[in-house]
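Everything below concerns the one structure shown next.
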Amino acid sequence: MNAKVFLYGLFLALPLFLASCSDDDLKKADAVTGKKVTLSSDRTLGVDIIYSDSARVKAKGYAPILDKVTPVSGSTYQEMIKGVNIDFYNENGTVDGNLVCDYAIRKDQELKTEFKKNVVVKNSKGDTFSSQELIWDEQKKIFYSTQRVYVKGIDGNVGDGINFKAPQDFSTYEMETGSGELNMKEGIAP
């Protein structure tokens with residue numbers, strides 16, 4: 001008897017529920033479902049990436065996951081959702097720098113790569129640069145960021161600032177609104 005009462009109550013409540021849906025609700029649902037984005041995505045696991053210029057290897061990287069995304073309209077991009085680890089090479093072919101991060105995205109048409117989340121770079125001198133974002137501009141051959149960048153020199157000097165800019169080998173750098181601590185050596189004449 002209880003099952004019959006339940007089914008009877010369900011059949012009475014269902015028309016009331018459907019009647020409470022207005023045409024406006026259905027139009028809103030159509031508008032949301034009408035905005036479809038079409039793209040294709042190819043996923044590759046365990047990717048070795050080699051960057052060369054003039055037939056010379058300048059960097060080798062590794063990404064655990066690489067998604068190549070091609071929207072129907074718009075620019076293609078490569079997304080490294082589990083980050084990347086890149087070694088930079090000098091003219092002699094030896095490693096003289098490194099970059100690691102938790103996420104990266106390369107925008108193919110812009111020739112820019114955005115490194116995000118726990119970005120750490122070590123240059124050939126042993127200086128360490130860290131930030132939540134660094135952008136590599138392949139055409140200008142520079143790294144830059146509007147986010148705060150922290151620098152720790154091999155000599156113990158530390159500093160930080162915004163509007164960071166450095167050549168791609170991080171041999172020099174500039175930033176604004178900076179602060180830091182310098183270790184001064186004794187016996188240096190003015």
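What follows is calculated from the coordinates using simple rules that are stated; it is not laboratory data. On a predicted model such as this, the values are computed, not experimentally measured, just so you know. Neighbour counts are summed over all protein chains in view; Cβ atoms, including those assigned to glycine, are modelled from backbone coordinates with ideal geometry.
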_Apply the Karplus curve 6.51 cos²θ - 1.76 cosθ + 1.60, θ = phi - 60°, to the phi angles in the stretch 133-146 and return the couplings in whole Hz, x for Gly and Pro._
7, 9, 10, 9, 9, 5, 5, 7, 6, 9, 10, 8, 6, 9
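Can you tell me the order of 147-155, 90-98 when each peptide is scored by its average per-residue count of other Cβ atoms within 10 angstrom, highest first? Write down the numbers at each step before the final one.
On the way: 147-155: 17.0, 90-98: 12.6.
Packing proxy ranking, top to bottom: 147-155, 90-98.
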*Calculate one ³J(HN,Hα) per residue across the stretch 104-111 by plugging θ = phi - 60° into the Karplus curve 6.51 cos²θ - 1.76 cosθ + 1.60, and present them in order as whole Hz with x for glycine and proline.*
8, 9, 10, 9, 4, 6, 7, 6
